[in-house]
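The structure appears below as structure tokens.
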Amino acid sequence: MSNDIIKDEIVKQFKKDHIIDYTIRETAAEIMVSHISYIFDFNYNFTLQIIQENDYINKLVNRYKFKNEDTKRKIQECAKIANDYIKQRLK
């Protein structure tokens, strides 16, 4: 179990630009969000298809147990955005 938090600025960057400023990441949870954001840089749909078929976003998110409810909510929100992005790209 982790007490990590995710700063609002990290989620804001994820939603707006999909690029996380690495200099402001401080917790493992924030690093996880930045790792999820890598999907926005993939150029080939084949790669996104593999991620979707293997449910890699959700597997990554579900590997960690966060105590902080706000952190849980933010991680799930970012995962949903990422999964929705993949679905949209693969249409």
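Here, each number is a calculation from the coordinates, and none is a lab measurement. Owing to the predicted nature of the structure, the values given are computational and were not obtained by experimental measurement. With ideal geometry, Cβ positions are generated from the backbone for all residues, glycine too; neighbour counts draw on all protein chains shown.
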* Asked: Mind checking which of Glu53, Glu26, Glu77 has the largest fluctuation in a GNM of the chain, springs on alpha carbons under 10 Å?
  -> Glu53
* **Cβ-Cβ FRET estimate between Ile31 and Lys91, R0 fixed at 22 Å, reported to 0.05** => 0.15
* For labels at Gln76 and Tyr38 in the simple 7 Å Cα→Cβ model, what's the distance in nm? -> 2.5
* To do: Please report Ser37, Ser2 as a ranked list, fewest other C-beta atoms within 10 angstrom at the top and most at the bottom.
  => Ser2, Ser37
* With a Förster radius of 22 Å, plug the Cβ-Cβ distance of Tyr56 and Asp21 into 1/(1 + (r/R0)^6) and report the FRET value to the nearest 0.05. => 0.40
* Dipole of region 9-91, Cα-centred, from +1 at each Lys and Arg C-beta and -1 at each Asp and Glu C-beta, to the nearest 20 debye? -> 280
* Under 23 Å from the Cα of Lys16, which lysines turn up, not counting those fewer than eight places away in the same chain? -> Lys7, Lys72, Lys74, Lys80, Lys87, Lys91
* Structure fact -> So, relative contact order of the chain in percent, Cα under 8 Å, 6 or more apart, is 40
* Structure fact -> Counting only residues 5 or more apart in sequence or on a different chain, those whose built amide H sits under 5 Å from that of Phe66 are Ser2
* Report, largest value first, the span of the C-alpha coordinates of the chain along each principal axis, in whole Å. => 36, 24, 16
* To do: Note down the magnitude of the dipole of region 1-45 about its Cα centre, charges +1 on Lys and Arg C-beta and -1 on Asp and Glu C-beta and zero elsewhere, to the nearest 20 debye.
  => 120
